[in-house]
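Asks: The structure that follows is given in the form of structure tokens.
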Amino acid sequence: MRASPFIAILALLLSAVPLHAAARTCNIAIASDDAMKFDQSELHVAADCSKVTLTLTHTGGMPAEIMGHNWVLSKTADVNALATAGGKAGAQAHYVPPGDARVIAHTKVIGGGESTTVTFSTAGLSKGGDYTFFCSFPGHWAIMKGTFVFG
Ligand code: CO
């Protein structure tokens, strides 16, 4: 068989091709507290991250019913309407309207001492787009929000 050297060379060439489409999951973390604050006002995700795993921690001690926090990502232009709709959706829905296309990603609501993680695709994000993360717990989003930079 004369084919095997060619196959070996072909395999070698293929292995040398950079996998531009390779999935890359990037991790980010943010903390919240009993003072109704996030510990960061800006989060950065590199444009070559195909997925993001965000971990939200609540470093306080108050229960979720009183000082609950979640992490919601949307276009900045959608924040006000989305936060209002989230409030109407209620605690059972974690203050996120179910199936709402304006929600790019969100976690559940957590209380003091808890943490939660969400993994989402960046396929729907535009490089350099105007995005905001916020807590949609009623009354929190006016203070608990920040800029999400993709790029
Ligand atoms: Co909150």
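Asks: Wholly within segment 45-151, which strands (runs of 3 or more DSSP E) include no fewer than the required count, namely at least 2 residues that are of a type in the set (D, E, K, R) and under 21 Å from Ser32 (Cβ atoms)?
Replies: Output list is empty.
Asks: Considering only segment 95-110, I want to know if a residue exists there that is on the phi > 0 side of the Ramachandran plot, within 14 Å of the ligand (Cβ to nearest atom), touching a residue at least 40 places away in the same chain (Cβ under 8 Å) and out of contact with any strand residue (DSSP E or B) (no Cβ under 6 Å at 6 or more places or on another chain).
Replies: Here is the first cut: in segment 95-110, the ones on the phi > 0 side of the Ramachandran plot are 95, 99.
With within 14 Å of the ligand (Cβ to nearest atom) added as a condition, the list becomes 95.
Filter once more, so that each one left must be touching a residue at least 40 places away in the same chain (Cβ under 8 Å): 95.
With the extra rule that they be out of contact with any strand residue (DSSP E or B) (no Cβ under 6 Å at 6 or more places or on another chain), the set shrinks to 95.
Yes: segment 95-110 contains one or more residues that are on the phi > 0 side of the Ramachandran plot, within 14 Å of the ligand (Cβ to nearest atom), touching a residue at least 40 places away in the same chain (Cβ under 8 Å) and out of contact with any strand residue (DSSP E or B) (no Cβ under 6 Å at 6 or more places or on another chain).
Asks: Among the residues of segment 63-76, count how many are over 21 Å from Arg102 (Cα atoms) and either within 14 Å of the chain's Cα centre (by Cα) or surrounded by 17 or more Cβ atoms within 10 Å (Cβ to Cβ) (or both).
Replies: Number of matching residues: 3.
Asks: What pairs come out if I take residues in segment 123-136 that are charged (D, E, K, R) and pair them with residues that are within 16 Å of the ligand (Cβ to nearest atom) whose C-beta lies under 9 Å away, six or more apart or interchain?
Replies: Close Cβ pairs (under 9 Å, with a partner that is within 16 Å of the ligand (Cβ to nearest atom)) do not exist here.
Asks: Give the number of residues within segment 111-151 that are within 16 Å of the ligand (Cβ to nearest atom), more than 17 Å from Ala83 (Cα to Cα) and either over 15 Å from the mean Cα position of the chain (by Cα) or among the β-branched types (Val, Ile, Thr) (or both). Before the answer, list the steps.
Replies: First pass over segment 111-151, keeping only residues within 16 Å of the ligand (Cβ to nearest atom): 111-116, 118, 132-146.
Subset that is more than 17 Å from Ala83 (Cα to Cα): 111-116, 118.
Keeping just the survivors that are either over 15 Å from the mean Cα position of the chain (by Cα) or among the β-branched types (Val, Ile, Thr) (or both) gives 111-114, 116, 118.
Qualifying residue count for the region: 6.
Asks: Of everything in segment 31-44, what is surrounded by 17 or more Cβ atoms within 10 Å (Cβ to Cβ) and either assigned to a strand (DSSP E or B) or without any contact (Cβ under 8 Å) to a residue 12 or more places away in the chain (or both)? Give them in sequence order.
Replies: Scanning segment 31-44 gives Ser32, Phe38, Leu43.
Asks: Give segment 120-141 a look and list any residue that's more than 18 Å from Gly151 (Cα to Cα) and of a type outside the set (Gly, Ala, Ser), or say none. Break it down stepwise before answering.
Replies: Taking segment 120-141 first, the residues more than 18 Å from Gly151 (Cα to Cα) are 134-141.
Once the filter is applied, which keeps residues that are more than 18 Å from Gly151 (Cα to Cα) and of a type outside the set (Gly, Ala, Ser), segment 120-141 yields Phe134, Cys135, Phe137, Pro138, His140, Trp141.
Conditions tested, residue by residue: (1) touching a Pro at 6+ places or on another chain (Cβ under 8 Å); (2) over 15 Å from Leu54 (Cα atoms); (3) of a type in the set (D, E, K, R).
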| site | (1), (2), (3) |
| --- | --- |
| Val79 | no, yes, no |
| Thr84 | no, yes, no |
| Lys88 | yes, yes, yes |
| Pro97 | no, yes, no |
| Thr107 | no, no, no |
| Gly113 | no, yes, no |
| Thr116 | no, no, no |
| Ala123 | no, yes, no |
| Lys127 | no, yes, yes |
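Taken together, the values in this text are just the output of simple stated rules run on the coordinates, not laboratory data. Because the structure is predicted, anything quoted here is derived from the model rather than measured. Here the Cβ is made from the backbone with ideal geometry for all residues, glycine too, and neighbour counts use every protein chain on show.
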